[in-house]
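Values quoted throughout were computed directly from the atomic coordinates according to the rules given, and no laboratory measurement underlies them. None of the values given here were measured: they were computed from a predicted structure. Don't worry about glycine lacking a Cβ; one is built from the backbone with ideal geometry, like all the others, and counts go over all protein chains shown.
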Amino acid sequence: MRWYTRPLCELAEINPRNSEVRSLADEMEVSFIPMAAVSEHTVMIEHPEKRLLATVRKGYTSFKEGDVLFAKITPCMENGKAALATGLLNGIGFGSTEFHVLRARHNIIPKYLFYFVRQASFRIAAKSCMRGAVGQQRVPEQFLARYQIPFIPISEQHRIVEILDDADRLRRLRCKADAKAARILPVLFLKMFGDPATNPKRLRKEPLGKLIRVRSGNFLPAKDMGKKGTYPVYGGNGINGFHDEYMFEERKIVLGRVGAYCGVVHYSDQNAWITDNALYITDKFESLDDRYLVAALDLANLNQYAGRAGQPLISGSRIYPVEILVPPEAAQLIFASSASKLLGLDDDREKAKGQLDRLWDVLMAQAFSGQLTAKWREAHSKELLAEMEQQARLLNLPLPKEPETTP
């Protein structure tokens, strides 16, 4: 049995109008989902807001329970921002106008659609079709409408979702463990040096402009990354792919430059590439230990100094006035020694995360090529054939043929 493919617009409504909202009371509470509430790590809605309908009727994108939200603007789309809208107050939500909304029709499962748009190959194709000025490029609705999606029996959709749900659960547990571990280093910093805002230990403070220089990385779109690359590529929020070339042999302190997570701090692996969605430290004018500096920059919360016209953005000129503590070098080294042990564990976690991410990419590719459920499909061929015949009649397609058996 071969899978049919159909244009996405035949299997889902794209940016549907919710005309029934007009008749609802202004006092009704609804969910509000800004772009920042959608995590590219867990690919879930986190910390949704509660608002009165009157405050969001105009100027926002509306959606319903079970709709798929897909970020259309760069770099949110490339970073994988998408979510299945669930648990909405009164079944209704409003959010950023930078979301495309996909509403599955009766012959497709919403979560199957959700997983489909999460594929790396889908985002790469979407990136190549973006329109608009640099920094404000968006995926046009026409791209979604024409994109071909496998139209398979409902029972096989359920099986694919079931397998991907199990794999996704592992990745989310990994994210939770990483989040807990990430809170340990700031606690150590505060214990040794105190809160930088109040400086209770009266340590020397200097603006970043007297301590460091930063520079933007080099442009490297996802489509140009080496398919068998092993060198990590750092973008606006950490590793976003792998390449067969690297820019630096030594480790670098990397700052997210653009997007909701601009200002986030990472300490790169050796032999890494840094894209123009990030900044990296090129020079240090004092004896600052890298591990200390990573922690100090992290606590400085550089995101708060981002420009907000269009996409959030930081630059050297925006962060150079920010002051950080400059403790004696001996104290930095004591901190660095403890941090090294924690960062060693971080490296192990990062490697485990990389393995999970690669496994996930393989599963996603197999899910929508037919490989993932091949054996299951063979075991349920008669039932699936009947379902496919119903689908074929529904869309006036040629009736599927029963698979040939070898003697």
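Which of the peptides 245-253, 81-89, 144-152 is most tightly packed, and how do the rest follow, judged by the mean count of other Cβ atoms within 10 Å per residue?
Details: 245-253: 15.3, 81-89: 20.1, 144-152: 18.2.
Those peptides, ordered most packed to least, come out 81-89, 144-152, 245-253.
So, counting K/R as plus one and D/E as minus one, what does the shell of residues with Cβ under 14 Å around A365 add up to? Kindly include the intermediate steps, with their values, before the conclusion.
Values: positive: R118, R123, K227, R358; negative: D357, D361.
Local charge sum for A365: +2.
By counting other Cβ atoms within 10 Å of each Cβ, how are K72, K341 ranked from fewest to most?
In increasing order of surrounding Cβ atoms, one gets K341, K72.
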Rounding to the nearest 20 debye, state how big the charge dipole of the stretch 183-327 is about its Cα centre with +1 on each Lys and Arg Cβ and -1 on each Asp and Glu Cβ.
420 debye
Of G229, V187, F285, which is farthest on the positive side of the dipole of the stretch 183-327, counting Cα position, with +1 on Lys and Arg Cβ, -1 on Asp and Glu Cβ, and the Cα centre as origin?
V187
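Magnitude of the Cβ-charge dipole of the chain, K/R +1 and D/E -1, about the Cα centre, nearest 20 debye?
Here the chain has a charge dipole of around 540 debye.
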Full-extension gain in nm, K64 to R251, via 0.36 nm per residue minus C-alpha separation
62.8 nm
Counting only Cα, what are the radius of gyration and maximum Cα-Cα distance Dmax of the stretch 142-260, in Å?
21.9, 68
Please give the peptides 10-16, 62-68 ranked by average Cβ packing (other Cβ atoms within 10 Å per residue), highest first, as a rough proxy for protection.
62-68, 10-16
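Could you put S337, S96 in order, starting from the residue whose Cβ has the fewest other Cβ atoms within 10 Å? Don't skip to the answer; put the middle values down first.
Details: S337 11, S96 20.
Starting with the residue having the fewest Cβ neighbours, the order is S337, S96.
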Taking a spot 7 Å from the Cα of H47 along the direction of its beta carbon, which residues of the stretch 65-100 have an amide N less than 15 Å from it?
none
I'd like the Karplus ³J(HN,Hα) series for the stretch 55-62: coefficients 6.51, -1.76, 1.60, θ = phi - 60°, whole numbers in Hz, and an x wherever there's a Gly or Pro.
7, 10, 3, 10, x, 9, 8, 9
Would you kindly derive the ³J(HN,Hα) couplings of the stretch 207-219 from the backbone phi angles with the Karplus curve 6.51 cos²θ - 1.76 cosθ + 1.60 (θ = phi - 60°), listing them in order in whole Hz, with x for Gly and Pro?
x, 4, x, 8, 10, 9, 10, 10, 8, 6, x, 9, 4
The chain: calculated mean residue ellipticity at 222 nm from DSSP helix runs of at least 4, using -39500 (n - 2.57):
-11000 deg cm²/dmol
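Work out, in µm²/s and without decimals, the Stokes-Einstein translational diffusion coefficient of the chain at 37 °C, 0.692 mPa s, Rh from Kirkwood over C-alpha pairs.
Numbers: Rh = 23.6 Å.
Estimated via Stokes-Einstein, D reaches 139 µm²/s.
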Charge dipole of the chain about the Cα centre (unit charges at C-beta), most positive-ward option of A374, T86, L24
L24
What list of ³J(HN,Hα) values in whole Hz, one per residue of the stretch 184-201 in order, does the Karplus curve 6.51 cos²θ - 1.76 cosθ + 1.60 (θ = phi - 60°) give from phi, with Gly and Pro shown as x?
6, 5, x, 5, 4, 4, 5, 5, 7, 10, x, 6, x, 5, 9, 6, x, 9
Under-5 Å amide H pairs with N18, H placed in peptide plane, nonlocal only:
none
